[in-house]
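Student: Supplied in structure tokens, the structure appears directly below.
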């Protein structure tokens, strides 16, 4: 098992702020003066800049369209997702129904009932707000007719 990295020093934090252009003008001038006196630090800045350029150039690999279509053409893949979602929804409905039953018929303390009703009301508001927003912006979706 590898050793954990040592915490960053103040100089390393300043170096990263310099490379990421997160310094004020005064801090930047001061750090650049330090760079002219310390060749090792200047080399480290060059190395960090190269690393920053490499990480900006990296793109996340996504599966090609034909791979996605091939995945969904498989009966097992489609049925697995459908069964999984069906079981999740069915189980959630049963648990939610039982919870509502216990909330209304049970001898729970008033604080628990109030907290449950508040949480359910908040969840319902967020769900319907998201649904309403999705329906209102659906016609503006620029990927609406795109088949992946």
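Readers should treat all values here as calculations from the given coordinates under stated rules, not as data from a laboratory. Here the structure is a predicted model, which means the values were calculated and not measured. Positions of Cβ are generated from backbone atoms using ideal geometry, with glycine treated the same way; all protein chains shown enter the neighbour counts.
Student: Tell me, what is the Rg over Rh of segment 64-106, with Rh the Kirkwood radius over Cα pairs? Let's see the in-between values first.
Tutor: Working: Rg = 17.3 Å, Rh = 12.6 Å.
The Rg/Rh ratio comes out at 1.37.
Student: For residue 46 paired with residue 10, estimate the spin-label separation in nm (one decimal), with each label point 7 Å from Cα along the Cα-to-Cβ line.
Tutor: 2.7 nm
Student: Based on alpha-carbon centroids, what's the gap between segment 118-138 and segment 39-68 in Å, whole number please?
Tutor: Computed from Cα coordinates, the inter-centre distance equals 39 Å.
Student: What length, rounded to one decimal in nm, is gained on full extension from residue 85 through to residue 66, with 0.36 nm per residue of separation minus their alpha-carbon distance? Mind showing how you got there, number by number?
Tutor: Details: separation 19, 0.36 × 19 = 6.84 nm, distance 2.42 nm.
Contour length minus the Cα-Cα distance gives 4.4 nm.
Student: Next question. If each DSSP helix of 4+ residues adds -39,500 (n - 2.57) and the sum is divided by the residues in the chain, what number results at 222 nm, nearest 500 deg cm²/dmol? Walk me through the numbers before you get to the answer.
Tutor: Values: 6 runs with 110 residues, N = 148.
Estimated from H runs of four or more residues: -25000 deg cm²/dmol.
Student: Would you mind getting me the FRET efficiency between residue 141 and residue 54? Use the beta-carbon distance for r and R0 = 35 Å, nearest 0.05. Don't skip to the answer; put the middle values down first.
Tutor: Numbers: r = 34 Å, r/R0 = 0.98.
Result of the calculation: an efficiency of 0.55.
Student: Between residue 76 and residue 30, with labels modelled 7 Å along Cα→Cβ, what's the label distance in nm to one decimal, could you check?
Tutor: 6.3 nm
Student: Could you state the principal axis extents of the C-alpha atoms in the chain, from the largest down, to the nearest angstrom?
Tutor: 76, 52, 45
Student: Now for a separate question. P(r) for segment 10-57: what percent of alpha-carbon pairs falls in each 10 Å bin, starting at zero?
Tutor: In order of increasing distance, the bins hold 27, 58, 15, 0 percent.
Student: Can you compute the modelled spin-label distance between residue 131 and residue 107, with each label point 7 Å from Cα toward Cβ, in nm?
Tutor: 3.7 nm
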